[in-house]
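Asks: I have a structure I would like to understand better, so I am pasting it below and will then ask my questions one at a time.
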Amino acid sequence: MLNKKKCIMLILCIIFLFNCSNTQTKKSGGRTTTTQSDSALVSQKMNELKIMQQKILSNGTNEELERVLLEDSLLKSFNVWKGTKYQLGGDSKNGIDCSALTRRIYRDVFKYELPRVSTDQAKVGRRISINNLKAGDILFFRPEGRTNHTAVYLGNSVFLNASSSKGVVLSSLESNYWGKYFQYGVRVDVKKS
């Protein structure tokens, strides 16, 4: 049987190994930085969001409860599309692009029909800074050498995304890639049906 000191050391080693498996070392400009993998970051942010939601469900205001319900509706809509491959111009379970996913989520959750093209979607609402984002806001990105990219904000930096490399996934504004290319959010004044 292990004594208390050995148990603590074993637990610390397991934690260390788990954290190392969820990080990447990157060399940039002569500096070495360690960052969390995108999937680990999203998992962490989703766990934090769930904890916040549980606190709200037990003693939140009506506005906070409405936000939790909206986040739940957005996740249900996301789950319909989760894993669907990315296809430029696609608008079905066989393949979907970012603006079509954004449009489909708005249709499902808000019963609101957005324009099909991302540049037109940007004109529908009012611009919102990264610090004022709310669930349901449309996010706009401008990756280098690429067209505009849209996604739907969920909360706690997490958004519903049709990624050209991963298909329909959850992503985080705190990831190096998405944080670098974020431009602004757009809030469409619609009420959840």
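Asks: Per-residue HN-Hα couplings for segment 104-116, Karplus 6.51 cos²θ - 1.76 cosθ + 1.60 at θ = phi - 60°, whole Hz, x for Gly and Pro?
Replies: 5, 5, 5, 5, 6, 7, 9, 6, 10, 9, 7, x, 6
Asks: When the solvent-accessible surface of protein heavy atoms is calculated with a 1.4 angstrom probe, in what order do 91, 137 fall, highest first? Display every interim value, and only then the final one.
Replies: Values: 91 50, 137 5 Å².
Descending order: 91, 137.
Asks: Please report the equivalent ellipsoid semi-axes of segment 52-193, computed as sqrt(5 x eigenvalue) of the Cα gyration tensor, largest first, in whole Å.
Replies: On the way: eigenvalues 107, 54, 45 Å².
After diagonalising the Cα gyration tensor, the semi-axes are 23, 16, 15 Å.
Asks: OK, next. Could you pull out every residue, at least 5 positions away or on a different chain, whose amide H is within less than 5 Å of the one on residue 184? Hs are placed 1.01 Å off N in the peptide plane, and Pro or chain starts have none.
Replies: The list, which skips near neighbours in sequence, is 140.
Asks: Let me ask something else about it. Please give the FRET efficiency for residue 76 paired with residue 176, using the beta carbon to beta carbon distance and R0 = 35 Å, rounded to the nearest 0.05. Spell out each step's value before the answer.
Replies: On the way: r = 29 Å, r/R0 = 0.83.
After rounding to 0.05, the efficiency reads 0.75.
Asks: Set the Förster radius R0 to 22 Å, insert the Cβ-Cβ distance between residue 62 and residue 132 as r into 1/(1 + (r/R0)^6), and round the FRET efficiency to 0.05.
Replies: On the way: r = 20 Å, r/R0 = 0.93.
Once the sixth-power term is evaluated, E becomes 0.60.
Asks: Right, something else. How much net charge surrounds residue 80 when only other residues with a Cβ under 9 Å from its Cβ are counted (Lys, Arg +1; Asp, Glu -1)?
Replies: Details: positive: 76, 82, 93, 104; negative: 108.
For residues surrounding residue 80, the net value is +3.
Asks: Moving on to the next point. Summing Lys, Arg as +1 and Asp, Glu as -1, what charge do residues with Cβ under 13 Å from the Cβ of residue 92 carry, residue 92 excluded?
Replies: Numbers: positive: 85, 93, 103, 104; negative: 91, 97.
In short, +2.
Asks: Something else now. Out of 78, 54, 68, whose Cα points farthest toward the positive end of the dipole of segment 49-91 (charges: +1 Lys, Arg; -1 Asp, Glu; placed on Cβ)?
Replies: 78
Asks: Using label points projected 7 Å from each Cα along Cα→Cβ, tell me how many nm separate residue 85 and residue 111, to one decimal.
Replies: 3.6 nm
Asks: From largest to smallest, what semi-axes in whole angstrom does segment 125-188 give when each is the square root of 5 times an eigenvalue of its alpha carbon gyration tensor?
Replies: Working: eigenvalues 57, 34, 24 Å².
They are 17, 13, 11 Å, listed from largest to smallest.
Asks: OK, next. Lys and Arg at +1, Asp and Glu at -1: add these up for the other residues within a Cβ distance under 13 Å of residue 129 and post the number.
Replies: On the way: positive: 126, 127, 134, 187; negative: 137.
The answer is +3.
Asks: Same structure, new question: Rounded to the nearest 10 Å², what accessible area does residue 57 show when all protein chains are kept and the probe is 1.4 Å?
Replies: Result for residue 57: roughly 120 Å² accessible.
The values are calculated or read from the model by the stated rules, or taken from the named source; none is laboratory data. What you see is a predicted model; the values in this text were computed from it and never measured. Quick reminder, even Gly has a Cβ in these numbers, built from the backbone with ideal geometry, and neighbours come from all protein chains shown. The area values use the complete protein model at the heavy-atom level, side chains included, leaving out ligands, DNA and RNA. Shrake-Rupley method; radii C 1.70, N 1.55, O 1.52, S 1.80 Å.
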